[in-house]
Amino acid sequence: MKDGRKKISIMIPCYNEVENVVPMSEAVVSIMENELPAYDYELLFIDNHSEDGTREKLMEICGRNKKIKAILNVTNFGQFNSPFYGMCQTSGDCTISMSCDFQDPPELIPRFVKEWEAGYMIVSAIKTSSRENGLIYFLRKCYYKLIRNMSSVKMIENFTGTGLYDRSFINLLKELDDPIPFLRGIVAEYNFKRKEIPFEQAKRRAGKTHNNFISLYDAAMLSITSYTKVGLRLATWIGFSSAALSFIVAVVYLIMKLIHWHEFTAGYAPMVIGVFLIGSLQLFFIGLMGEYILNINTRIIHRPLVVEEKRINFDEDDKDKDKDKGEDEA
């Protein structure tokens, strides 16, 4: 708060959003300067190695307004790491995270700030409905229900991570040092004072969505392997049940064979069916356990969340940090 004003950071991750970054920057700047003039602000875009001209647009935007900053990643670090890292690079008293495609309306920003000023540490945008692809929305709903019922942490339904986060929560994110962070799970896990704001998710303003079955699968596996034990326990329960059933079938088969040895001609059908059933169950749960092992392996290797190629308009903040560090050392 250099001039006594609170500072609001707006963090927007982007990937191949060449048609949206300029209108989004204009919308956010307009809201901050016209509706929230009592606050200082910064707008941070973190680009996940776009290849459609988004980076060039970001450089132009940053050149016109020093309050707009950008971090350019050396490669694509995925849908979770890049936004998480971007939030940790903000310097405001609170940070607002939202998508670049206008599916999260910028008009929510004043509502977020109002609830924050009322004392809430986290203000979460909750989708009540969506104008996106019907199948994707249905799969999302199923995913939210599944995770909520499976997790030991009370997950938040229809929450994608969009919302406002107080500086105290951002500091917590920095301390976690998690190489594969799942923001939605972290928000649910730590009991910060939180307010929910319902909204209807709009269609993308332009461009193609990057959300598909694979992205939903990634989210599901990360949340399952990070916040539930149900996968491994399900494997144990079903494995035990299958073994018990197989044993019963084997005993019944043996008894019928002994009693009606001269008439019983079931052949190899029960054996073949049993082998395929047990084999398919084994393959399924080996794959599921592999997901847990992959999660553990990623955490053990502990690669950086993001590797930056370039950052723009951070010079002044870096100088302030160096100055503060020098004063502390003195």
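Number of residues in region 28-39 that are part of a helix (DSSP H, G or I) and under 14 Å from ILE96 (Cα atoms) equals 4.
Taking region 89-117 as the range and being within 19 Å of ILE170 (Cβ to Cβ) and free of Cβ contacts under 8 Å to residues at least 12 places away in the same chain as the test, only GLU117 passes. In the condition set (1) farther than 19 Å from ILE170 by Cα; (2) in contact (Cβ under 8 Å) with a residue 12 or more places away in the chain, GLU26 is compliant with all but (2).
Within the option set PHE84, PHE77, being crowded, with 22+ Cβ neighbours inside 10 Å and over 23 Å from GLU33 (Cβ atoms) holds for one residue only, PHE84. Restricted to helices (runs of 4 or more DSSP H) entirely inside region 91-188, those with at least 1 residues that are at pLDDT below 95 are 134-150, 167-176. Only one of the numbered conditions (1) under 15 Å from the mean Cα position of the chain (by Cα); (2) aromatic (Phe, Trp, Tyr); (3) under 27 Å from ASP3 (Cα atoms) is violated by PHE112, and that is (1). Looking across region 170-200, the residues that are surrounded by 14 or more Cβ atoms within 10 Å (Cβ to Cβ), under 16 Å from the mean Cα position of the chain (by Cα) and of a type in the set (A, V, I, L, M, F, W, C) come down to ILE170, LEU173, ILE180, PHE182, LEU183, ILE186, VAL187, ALA188.
Does PHE84 fit the bill of being farther than 13 Å from GLU308 by Cα and either of a type outside the set (Val, Ile, Thr) or over 22 Å from the mean Cα position of the chain (by Cα) (or both)? The answer is yes for PHE84. The set of residues from region 29-54 being of a type outside the set (Ser, Thr, Tyr) and either buried (at least 21 other Cβ atoms within 10 Å of the Cβ) or touching a Ser or Thr at 6+ places or on another chain (Cβ under 6 Å) (or both) comprises MET32, GLU42, LEU43, LEU44, PHE45, ILE46, ASP47, ASN48, HIS49.
Residue-level check: of (1) in a loop (DSSP other than H, G, I, E, B); (2) in contact (Cβ under 8 Å) with a residue 40 or more places away in the chain, GLU51 misses just (2).
Please enumerate the residues belonging to region 1-14 that are closer than 18 Å to PRO106 by Cα and either outside any strand (DSSP E or B) or of a type outside the set (A, V, I, L, M) (or both).
Result: LYS7, SER9, PRO13, CYS14.
The values are calculated or read from the model by the stated rules, or taken from the named source; none is laboratory data. None of the values given here were measured: they were computed from a predicted structure. Note that we place each Cβ from the backbone using ideal geometry, even for glycine, and neighbour counts take in every protein chain shown.
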